[in-house]
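Single-structure report; data block below.
The values are calculated or read from the model by the stated rules, or taken from the named source; none is laboratory data. Small disclaimer: the values here were computed from a predicted structure and weren't measured. Cβ coordinates were reconstructed from backbone atoms using ideal geometry, including for glycine residues, and neighbour counts include every protein chain displayed.
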Amino acid sequence: MVDEVLSQNEIDDLLSAITSGEMDAEELKKEEKEKKVRVYDFKRALRFSKDQIRSIGRIHENYARLLTTFFAAQLRTYVNISVASVDQIPYEEFIRSVPEMTVLNIYSVAPLEGRVLMEVNPNIAYGLLDLVLGGKGSSVNKINNLTEIEKMLMTQLFEKAIINLKEAWASIVEIDPTLEDFEINPQFLQMVSPNETVVVVSLNTAIGETSGMINICIPHIVLEPIIPKLSVHYSMQTAAGKRDSEAYGKITENLQDAQVEVKTLLGETNITIDEFLNLSKDDIIALKQPIDQPLALTINNEPKFYVQPGKSKNNISVQVLKEIRGGTNDE
């Protein structure tokens, strides 16, 4: 509710009326305490919060970017698609706003119930078709005279674009969209009851030489199971968790490829140069390492484990006995 700001003259008139007795201050206080009634249209029920509508808008901003890239790559021409508006209205109101003859794609979005409707303005639809057939993207509206070949080409183009819808929704729910039907007359569609609330996402679309609108109609029954996930709090948690998971994965991958030097010394001692020069066959060098004490295994010259020597499948090896703690690099 917007607060009304009074001008200085109106304030003076109000004070004058109270002073003269024309208005009773106590009556004004009483009226303020009374519960105020707001008119509510049950035919236009608002079933989504502003927060949830914004989340749906963000999903389709991503979808618009993906669709722009897809059509630009497929058609080799200038493409610009962006979200114009996101509204919740009765299904009947949406159908009345759609042209009598237009291009309608009906998608199922398993595992969610219900179906999603994409209405493509005829200018855009024929611009796409002209580009697919090698033209410059000009639009000639002959929606009443679509041939079977033209219908098939349009259907194949929008079937290929399904992957973008799946990717855009992946941050909220994993869906498997399928193009179930292609229609040109909205009066033949009765997806939900006329008073059912639907979210309509309108996309400003410019492709080649043509421009128009693409409208995506999402019934409440489709969104109902995932309404809690459409809050900002959930989105932020999911995004943060995803970032942490990706960072952990990258660190783990990099660590697995790191090269380290691992070695164990059987023992060591000191001898003079003269003793070294006079060594001969069968001479024995006494080491300082007692045979009943474990050896130290070093990683990059840092002692990390106590081990004992032995053999494993005829290979010289060591068995780890205990971790060496207390060094500066234990972490």
Is it the case that Glu159 is free of Cβ contacts under 8 Å to residues at least 60 places away in the same chain, surrounded by 13 or more Cβ atoms within 10 Å (Cβ to Cβ) and within 27 Å of the chain's Cα centre (by Cα)? yes
Scanning segment 282-302 for residues that are loosely packed, with under 13 Cβ neighbours inside 10 Å and in contact with a Leu (Cβ under 9 Å, 6 or more places away or on another chain), the one farthest from Gly267 (Cα to Cα) turns out to be Ile285
Run Ile149 past the list (1) of a type outside the set (Gly, Ala, Ser); (2) part of a helix (DSSP H, G or I); (3) surrounded by 14 or more Cβ atoms within 10 Å (Cβ to Cβ) and report the number of the one that doesn't hold. (3)
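Pick from Asn141, Asn145, Asn105: which is farther than 18 Å from Val199 by Cβ, out of contact with any Pro (no Cβ under 7 Å at 6 or more places or on another chain) and either at pLDDT 90 or above or of a type in the set (S, T, N, Q) (or both)? Reasoning before the result, please.
Working: Asn141 fails: out of contact with any Pro (no Cβ under 7 Å at 6 or more places or on another chain); Asn105 fails: farther than 18 Å from Val199 by Cβ.
Of Asn141, Asn145, Asn105, the one residue that is farther than 18 Å from Val199 by Cβ, out of contact with any Pro (no Cβ under 7 Å at 6 or more places or on another chain) and either at pLDDT 90 or above or of a type in the set (S, T, N, Q) (or both) is Asn145.
Going by what's in this entry, would Val83 be described as surrounded by 13 or more Cβ atoms within 10 Å (Cβ to Cβ), under 27 Å from the mean Cα position of the chain (by Cα) and at pLDDT 90 or above?
On the way: surrounded by 13 or more Cβ atoms within 10 Å (Cβ to Cβ): yes; under 27 Å from the mean Cα position of the chain (by Cα): yes; at pLDDT 90 or above: yes.
Judged against the criteria, Val83 is a match.
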Run Ile172 past the list (1) under 28 Å from Gln52 (Cα atoms); (2) touching a strand residue (DSSP E or B) at 6+ places or on another chain (Cβ under 8 Å); (3) among the aliphatic types (A, V, I, L, M) and report the number of the one that doesn't hold. (2)
Test for Ile271: is it more than 23 Å from Met154 (Cβ to Cβ), modelled with pLDDT of 80 or more and either part of a helix (DSSP H, G or I) or not assigned by TED's automatic domain parsing to the domain that holds Ile291 (or both): no
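What number of residues within segment 54-80 satisfy the criterion of being of a type in the set (Val, Ile, Thr), closer than 16 Å to Leu165 by Cβ and either in contact (Cβ under 8 Å) with a residue 24 or more places away in the chain or surrounded by fewer than 17 Cβ atoms within 10 Å (Cβ to Cβ) (or both)?
Total meeting the criteria: 3.
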Looking at the structure I just gave you, is Ile218 assigned to a loop (DSSP other than H, G, I, E, B) and crowded, with 16+ Cβ neighbours inside 10 Å? no
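Tally the residues that are touching a strand residue (DSSP E or B) at 6+ places or on another chain (Cβ under 8 Å), assigned to a loop (DSSP other than H, G, I, E, B) and either among the small types (Gly, Ala, Ser) or surrounded by 20 or more Cβ atoms within 10 Å (Cβ to Cβ) (or both), restricting the search to segment 103-134. Break it down into steps so the answer makes sense when it comes.
Taking segment 103-134 first, the residues touching a strand residue (DSSP E or B) at 6+ places or on another chain (Cβ under 8 Å) are 103-111, 114-128, 131.
If we keep only those that are assigned to a loop (DSSP other than H, G, I, E, B) too, we end up with 111, 114, 121.
Adding the requirement that they be either among the small types (Gly, Ala, Ser) or surrounded by 20 or more Cβ atoms within 10 Å (Cβ to Cβ) (or both) leaves 114, 121.
Residues that pass the stated criteria total 2.
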